[in-house]
Each structure stands twice: as structure tokens, then as C-alpha cells.
Amino acid sequence: MRAIPRHGVPLRITIDGHAVEAVEGDSLLAVLLLNGRAVRHLEFGGAPRAGFCLMGACQDCWVSLGDGERVRACTTLAVSDMIVWTDHQKAGAND
Amino acid sequence: MTNVVIVGGGPAGVRAASILVEAGLKPILVNEARQVGGQGYRMPAKSLALDLKVLMGSEAGKYRRLHSLFASLEKRIDYRPATLVWGVHDKVLHTLCDGVAGTIPYDALILTTGATDRIMPLPNWTLPGVFTLGGAQVILKDQGCLIGSRIVFLGSSPLLLLAALQYHKSGASIAAVVDTTPFSAKRAAMRDLAASSRTLARGIMYRAALHWAGIPIIDGATPLAIDGKDYVEGVRIRDGRGRERLIPCDAVAYGYGLKPETQLAELAGARFRFDPTFRLWLPETDADGRAGADLYLAGDSAAIGGADAAEASGALAAHALLADFGRPQPETELVRLRRQVGRLRRFQKGLARAFAWPVEQVAALTDETIACRCEAVTVGEIRGAVRAPLGPREVNRVKAITRCGMGRCQGRFCGPALQEIVAGACGAPIAEVGRLRTQAPVKPIPLHAAAELEP
């Protein structure tokens with residue numbers, strides 16, 4: 001949850017087809033966690049995951065962008081009109 | 001001119017750069033993050049109405065000094081932010097910046113790659129809502145966000161109290177601070193800790209502030225499991241008196257102190273020795289940070305010491321480098337820095353006793369507990385591999401059979417536990433089961449980036 005307000009340029013991104021609000025400077029992981037509890041499902045067995053180290057070391061928050069590129073959500077900034085898929089296969093289907 | 005490269009933009013890297021600039025060099029500073037400061041002195045993302053005095057407390061002055069030092073250096077160094085170094089080979093760094101692969105040759109290399117949280121697996125620790133203790137602080141400082149609305153701080157680390165207090169001041173509800181080390185062990189370590197009385201006093205202050213705020217601090221507890229189905233709903237513990245308790249919460253900040261990030265040091269040729277206090281394999285350096293030919297290590301990636309030791313050891317490494325390249329360095333300053341680094345690192349050894357890695361929990365881990373979160377390898381699979389007829393007793397062979405440590409994080413988070421599980425399963429001393437070897441890339445890179453390297 002957000003503890004400290006951010007007064008920046010508002011922007012809109014799409015997560016799994018749903019439009020969500022964000023602010024310039026938000027990390028993709030922060031936006032994902034402010035809008036849900038899981039960030040992805042593990043490739044092995046499908047267990048829900050939401051990142052862990054929050055500093056680019058554990059690699060447990062990789063998601064896919066609209067063009068199929070994979071990014072680590074905790075070290076990627078949200079940018080206007082970003083399309084994010086938490087399931088890589090859906091990103092592929094929407095290429 | 002000598003091509004000096006520093007990797008890491010925390011206090012050690014920035015300080016090393018300043019010494020080199022004073023000597024007339026123009027080092028390259030490669031930083032994986034967008035901003036300098038490392039994890040501890042991390043700059044908030046822009047437009048965040050963050051009161052740094054609240055968050056940094058007594059360290060706010062040092063935070064400001066480091067960032068103003070960097071501001072004075074930025075034009076006089078070759079600064080490369082948002083650049084990952086993913087490999088080192090034949091005195092060339094392999095990098096990735098904005099999806100583009102590159103190389104940086106060096107004559108001398110200073111590595112200040114920092115540390116990550118040390119983690120002991122626990123049933124259900126992979127559930128959404130469980131984050132590292134360091135991560136819980138990072139998302140607050142960097143993003144102004146909390147990991148949940150009702151939080152348990154769990155593990156054993158002086159940072160449990162600090163982080164809990166930062167969260168409390170930021171409006172979070174703290175369900176409890178649960179420290180696995182008994183209070184008696186903390187009292188016993190007090191004599192070593194008195195070597196840095198200011199830090200000790202701060203710790204006592206944090207404890208008192210949490211107490212006044214009515215936040216339960218439970219010492220000497222054994223964590224049994226994280227409770228929940230699709231996300232965290234509580235933490236089950238056995239308290240110091242043997243009573244089982246369920247503490248409801250929606251997030252857990254979890255950690256057992258810090259573990260140096262040594263992957264690049266290993267690829268650059270550093271040697272390692274087993275440290276019985278930390279129960280980790282740590283890189284070998286001399287007092288000034290020399291780790292091999294033209295290789296220098298500083299900050300928490302050389303030995304856990306905290307931000308002050310990082311700054312001082314960064315300066316020492318830069319002085320050592322300059323001396324090795326034939327430039328005499330001021331001896332009195334070197335003596336002062338060595339004394340400071342030595343004192344702060346000894347203090348960390350005291351902390352390692354007061355906030356202990358919970359070795360005794362390893363034997364109690366259920367077979368179903370996940371050890372490797374990348375590949376979902378269970379403790380039982382590791383034990384089974386070791387106990388099979390002619391089963392391996394060495395962690396790299398166990399990795400080859402079970403895939404534990406082979407995933408995207410490259411064993412950063414399962415490595416320390418893997419050593420303990422293997423040693424426990426075959427009854428060998430932990431130093432004899434070896435340590436996970438590093439492979440490039442040390443972090444995931446797109447295939448095309450690796451392909452661009454081919455001639």
C-alpha cells in the first residue's frame with residue numbers, strides 16, 4: 001500500500017487487459033502490487049508469486065510487455081501506455 | 001592513462017571514485033541502479049513527498065553528504081547508470097544497458113557490489129506478501145510504498161527493529177517483531193558490540209521506541225510456517241517458552257542479516273575462504289581490499305560492515321590501487337582508514353552472534369518446504385539426492401542433480417540454506433560441502449545480448 005503520496009505526472013498503463021492509474025516514477029512492481037497481490041505465476045507448478053527482494057536480485061518479478069519483451073518489474077519504471085502481461089503466453093498471443 | 005573501473009554506486013563506490021578523482025584519474029563508475037546511493041542511501045524516486053529525516057534518522061547527514069559528494073564528482077568521472085555488469089572475462093566487463101550489450105576493458109577493477117538479505121527457507125515462504133527485510137526498506141524509500149498494511153518483521157537482524165520503526169513512522173500497523181535469537185545471546189554479545197557504542201545505543205533506542213509504541217517484540221522464537229493459501233495470512237511461531245502462536249498479518253519482512261554479492265568478484269578471479277562466524281564463503285582480501293592482480297573489493301561485497309565501513313573501505317581500495325600503480329599514498333590516512341574498517345567489521349562479527357543465522361532450524365525443515373524459489377526445489381529433494389546411494393556431498397553436484405541454485409537468481413537466496421541442508425543430510429561439517437560456483441551471466445540477460453558477443 002502507498003504510505004507516502006507522490007505528486008507527479010499521472011499516467012495510465014494496462015495490466016492483463018485492465019487499465020490502471022500510475023504516477024511517473026512508479027516502479028512497475030509498485031504499480032502491480034498496488035493493484036493486486038500476485039505479480040506472476042511460477043513456471044514450475046503455477047504457484048502465485050509477488051517478487052521477493054524488491055532490489056533486482058531474486059528475479060522473481062519478471063513480467064512481459066505488450067511486445068513480448070520480458071522485464072524485471074522491480075527495476076523497471078512504469079511509462080505511459082505500457083502494456084503489461086503477468087502471463088508470458090498471453091503476451092505472445094497478443095503480439 | 002590507466003583505465004580504472006568501479007562497479008557499484010553505493011557509499012563504497014562513490015568514495016573510491018572521489019579518491020581516484022583527487023589523484024587526477026577519471027574512473028568509469030558502472031551502476032546497475034539509475035541513482036547512486038546503493039540500497040542504504042537510496043534516493044527516492046522523483047516527486048515523492050518523502051521526509052528523509054524520518055526515514056534516515058541519525059544517518060540523514062551522511063546520506064546528504066554522500067549524494068553531494070557524488071554531485072561534485074559526476075562531471076569528472078565517466079558515470080554509467082542503469083548498466084548491469086553480467087560477466088567478467090580476461091579483464092573485460094560485459095555489460096547490458098537499455099537492452100544493448102557492451103564491453104568495458106579495464107586495467108584495474110574496484111568491485112563494490114553490495115549485499116542482499118540472507119534467507120532461511122520456511123514452509124510457504126514463497127507466498128505473495130513475504131518480502132526480504134532489505135526489500136521492505138527499499139520499496140519504502142524508493143517508492144513510498146509499504147509491503148502490506150499489517151506486517152510481521154521476522155528473522156534475526158538489527159535491521160528488524162530499524163525497519164519496523166520506519167514502517168511504524170510511515171503509518172503501517174506492525175503485528176510483531178519476531179527475532180529468532182534469544183535475548184540472552186544478545187546480552188552475551190554486548191561486550192563486542194560496545195566497540196561501536198553509538199551503533200549499540202541506536203539499537204537500544206529503536207527497541208525502546210517500538211516498545212513505547214506498543215509493538216510486541218518477541219525474542220528467541222522459532223518460526224514454524226507462513227500461513228495462507230494464495231497470499232500471506234499469518235506467521236506461525238513457537239515462542240521462547242515453547243507456546244505455539246499464530247500472528248495474523250498480510251505481509252512479512254524476512255531476513256537473517258546480509259550476505260555479500262560476490263559473483264563478479266569470483267568471475268574476476270577472487271579466491272574464497274569459509275568464515276565460521278558468518279558460515280559463508282567470503283572473498284579473500286588484504287586489509288586494503290586487494291583480492292588479486294588489479295582487483296580490489298570494498299563495501300559490503302567484501303565483508304559486511306555497514307555504510308560507514310563501506311565508505312572507508314572504498315577509500316582504502318582506491319588508495320591501494322593508486323599505490324600499486326606507483327603513486328605513494330598518505331600513510332597516516334591509510335592507518336586511520338584500516339583502523340576504522342577493522343573496528344566496524346569486528347562489530348559486525350559481534351552482531352552475527354547477537355543476531356544469529358538459525359542453523360538449528362535446518363534439521364527441523366519439513367521435506368515439502370521449498371528451498372529454491374526459482375525452480376521450486378524442495379528440501380526433501382535435496383536430502384534425497386544427498387542420501388541416495390553414492391549421492392553427492394558437494395553443493396555443485398547437488399545443484400546439477402536437483403537444479404537447486406540453477407535458476408534465475410543463481411543461488412543468491414537458496415545458496416546459504418543449500419550448504420546447510422547438504423551438510424545436515426550427509427553429516428559433514430559445512431565447510432566441507434563447498435560453495436556454489438558462479439556462472440556468467442550473473443543476472444538474466446536476453447539471448448541476443450549474449451549472441452552479440454560472438455565475433
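Readers should treat all values here as calculations from the given coordinates under stated rules, not as data from a laboratory. Just so it is clear, the model here is predicted, and its values are computed rather than measured. Backbone-built Cβ (ideal geometry, glycine too); neighbour counts: all protein chains shown.
Assorted remarks:
- Cysteines in chain A lacking a second Cys C-beta under 4.7 Å: A:CYS61, A:CYS74
- 3J(HN,Hα) couplings calculated from phi for segment B:44-59 with the Karplus curve 6.51 cos²θ - 1.76 cosθ + 1.60 (θ = phi - 60°) are, in sequence order, x, 4, 5, 6, 8, 7, 9, 8, 5, 5, 5, 7, 8, x, 5, 9 Hz; Gly and Pro show x.
- Computed FRET value (nearest 0.05) for B:ASP324 with B:VAL92, which takes r as the C-beta separation and R₀ as 22 Å: 0.65
- Our summary gives chain B a relative contact order of 18 percent, counting only alpha carbon pairs under 8 angstrom and 6 or more residues apart.
- For chain A, averaging the sequence separation of C-alpha pairs within contact (under 8 Å, six or more residues apart) and dividing by the residue count gives a relative contact order of 31 percent.
- Per residue of chain B, the DSSP helices (runs of n ≥ 4 H) give a summed -39500 (n - 2.57) that works out to -11000 deg cm²/dmol at 222 nm.
- With 19 Å as the limit, the listed pairs B:LYS186/B:LYS349; B:LYS26/B:LYS75; B:LYS53/B:LYS169; A:LYS90/B:LYS443 have A:LYS90/B:LYS443 beyond it between alpha carbons.
- Cβ crowding within 10 Å ranks A:ILE83, A:ILE15 as A:ILE83, A:ILE15, fewest other Cβ atoms first.
- Residue mean of other protein chain beta carbons inside 10 Å, B:143-155: 4
- Residues whose amide H falls under 5 Å from that of B:ILE6, counting only those 5 or more places apart or on a different chain, are B:ILE28, B:LEU29, B:VAL30, B:ILE110, with hydrogens built in the peptide plane.
- Measuring nothing but how far apart in sequence close Cα pairs (under 8 Å, 6+ apart) lie, relative to its length, segment B:119-256 scores a relative contact order of 36 percent.
- Additional length obtainable on full extension of the chain from B:ALA388 to B:ALA431, 0.36 nm per residue less Cα span: 13.4 nm
- In loop segments of segment B:367-416 as defined by DSSP, the GluC sites (Glu not before Pro) with at most 13 further C-beta atoms inside 10 Å of their C-beta are B:GLU368.
- Calculated from backbone phi, Karplus (6.51, -1.76, 1.60) coupling profile of segment B:108-116 in Hz, x at Gly/Pro: 9, 10, 10, 9, 9, 8, x, 8, 10
- Taken residue by residue and averaged, Cβ atoms of other chains lying within 10 Å of the Cβ of B:130-137 number 4.
- Near-label residues of segment B:98-126 by backbone N, under 14 Å of a point 7 Å along Cα→Cβ of B:THR438: B:109-116
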